[in-house]
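Report on the structure given below.
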Amino acid sequence: WVVTSLAIVAGQLLLGVESWLVRFADGMSNSEFRRITESDAILRTGHALVGYLLFALTIVLAVKVHRATVNSRIETGILEAVA
């Protein structure tokens, strides 16, 4: 779980840096007028999709931690189980 998360974060960083470098390869002023190629679009779309995946994994992790915390409190008697 941890290794997968770190690999996704590393992939997101690499895609983000590569997207930025490709976009501004000709300089800041020319980046607005540069035509977006198919490979640029694939790179940017991949960066966005990996970002969505990272966000979804963060939500899943938050829910798992919350459930574990609630279950732990129920087992120790801090919280009463709601039936």
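Within the set of pairs 6+ apart or on separate chains, which have a first residue in the stretch 32-46 that is open to solvent by less than 70 Å² (accessible area, probe 1.4 Å), a second that is assigned to a helix (DSSP H, G or I) and hydrophobic (A, V, I, L, M, F, W, C), and C-beta atoms under 9 Å apart?
Final answer for the pair search is THR37/VAL22; ASP40/VAL22; LEU43/LEU15; LEU43/VAL22; GLY46/LEU15.
Can you say whether ARG67 is touching an Asp or Glu at 6+ places or on another chain (Cβ under 8 Å) and either surrounded by fewer than 12 Cβ atoms within 10 Å (Cβ to Cβ) or not β-branched (Val, Ile, Thr) (or both), as far as the supplied structure shows?
No.
The values are calculated or read from the model by the stated rules, or taken from the named source; none is laboratory data. Values in this document were obtained by computation on a predicted structure and should not be read as measured data. No Cβ is skipped: glycine too gets one built from the backbone with ideal geometry, and neighbour counts run over all protein chains shown. Note: accessible area is taken over every heavy atom of the protein model, side chains too, but ligands, DNA and RNA are not part of it. Shrake-Rupley method; radii C 1.70, N 1.55, O 1.52, S 1.80 Å.
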